[in-house]
1. Given the options Arg258, Arg338, Arg334, Arg246, name the one that is out of contact with any helix residue (DSSP H, G or I) (no Cβ under 6 Å at 6 or more places or on another chain), under 22 Å from Tyr213 (Cβ atoms) and open to solvent by 10 Å² or more (accessible area, probe 1.4 Å).
2. Out of everything in region 132-167 that is of a type in the set (Asp, Glu) and not in a loop (DSSP other than H, G, I, E, B), what residue ends up being surrounded by the fewest Cβ atoms within 10 Å (Cβ to Cβ)?
3. Would a scan of region 121-131 turn up a residue that is assigned to a helix (DSSP H, G or I), touching a residue at least 40 places away in the same chain (Cβ under 8 Å) and either farther than 26 Å from Arg11 by Cα or open to solvent by 70 Å² or more (accessible area, probe 1.4 Å) (or both)?
4. If Pro114 satisfies every condition in (1) at pLDDT 95 or above; (2) closer than 25 Å to Asn322 by Cα but one, which is the exception?
5. Quick check on Asp97: is it charged (D, E, K, R) and open to solvent by less than 30 Å² (accessible area, probe 1.4 Å)?
6. Residue by residue through region 182-220, note down the ones that are at negative phi, open to solvent by less than 20 Å² (accessible area, probe 1.4 Å) and among the small types (Gly, Ala, Ser).
7. Of all residues in region 70-93, how many are over 24 Å from His164 (Cβ atoms) and either modelled with pLDDT of 90 or more or part of a loop (DSSP other than H, G, I, E, B) (or both)?
8. For residues that are of a type in the set (S, T, N, Q) and farther than 28 Å from Pro208 by Cβ, tally how many sit in region 136-163.
Amino acid sequence: MARLGVVHTSRGKIHTPAFMPVGTQATVKTLTPEEVKGLGAEIILSNTYHLYLRPGMEIIRTAGGLHSFMNWPGPILTDSGGFQVFSLSKLRKITDDGVYFRSHLDGSKHFIGPEESMEIQRILGSDIAMAFDECSPFPCSYEEALTGVKRTTLWAERCLKSPHAPGQVVFGIVQGSVYPELRARSALEITGLDFPGYAVGGLSVGEPKPIMYEILESTTPLLPENKPRYLMGVGTADCLWEGVARGIDMFDCVLPTRIARNGTALTWRGKVVVRNAEYADDFSPIEDGCGCYTCQHYSKAYLRHLFHAGEILGPRLLTIHNLYFTLSLMEKIRQSIRDGCFEKEKEAFFKQYEM
């Protein structure tokens, strides 16, 4: 089911399959927008919940929207804030109207429902806004997942009726946890609303990967072929190959940037923890043949030194490398589809890649 595509927005094209670096709080951590673009990113993701709480909508409105505020000229996808409301706020009350919750920053009381989420995303001015949904945790009962599916459809209908920013489109989200029949129901209801694109949400939340792949295999064929399919919150190298193999077009994940700040590099053979003592006198690059700025100029020994000295340059250099690797992997995947050898390249990758 691997396929090529192009998503057209008023701020540029997105060639799929595509990976979206995560700029949760209007920044891809440690990098400038110019650097992110230079690494090959055509679109980034920012977060409605976090930007709503800080710096707040008035500041971003006054700045002229999120693109102007953070100086990113390309497309931006904003998630609805639903996942953060459910995962970060311990004190919350969910109703059919929306979610009452306390801020994880200062404990202040807030409410976000479909209309509020759309209004925040309208002010942000993102190119792709996500419908407000209820993300069921793993594990959860069939009844809990069913409630989430019903609310997700109810809220999706209200999101479509809400005002949007000029040029902004909304993607619907399919929920249903790990229950195939609920996924099928959710897909039928959400695609029936005729969104410009669709996401598969509520996966990579703790379930085993084989189960995630099974859900994708049964769910993706239920989504329209002529519209983009987005797997939310997934971005490890193995999952990128497996997701594309099951018809997914768009991915996002904090993993490449998060583990970079912890001293871990991504390579074609697996992870390399440069903080480890074995690299204290290793003057080779993270990966031989890598074309990223970090590998062209610095050794593992130097990177290890930076992390142990607490220098901010260490996380910055590893972030450059990890995003270069991930975006290069996506280009390799796209090229393999163009050349008609996707399965062959996928098999070759997994032969050398250590999980």
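1. Arg334
2. Checked region 132-167; the qualifying residue surrounded by the fewest Cβ atoms within 10 Å (Cβ to Cβ) is Glu143.
3. yes
4. Answer for Pro114: the failing condition is (2).
5. no
6. Listed by number, the residues that qualify are Ser186, Ala187, Gly197, Ala199, Gly201.
7. Qualifying residue count for the region: 3.
8. 1
The values are calculated or read from the model by the stated rules, or taken from the named source; none is laboratory data. Because the structure is a prediction, the values reported are computed rather than measured. Neighbour counts are summed over all protein chains in view; Cβ atoms, including those assigned to glycine, are modelled from backbone coordinates with ideal geometry. These accessible areas exclude ligands, DNA and RNA; they are computed on the full protein's heavy atoms, side chains included. Shrake-Rupley method; radii C 1.70, N 1.55, O 1.52, S 1.80 Å.
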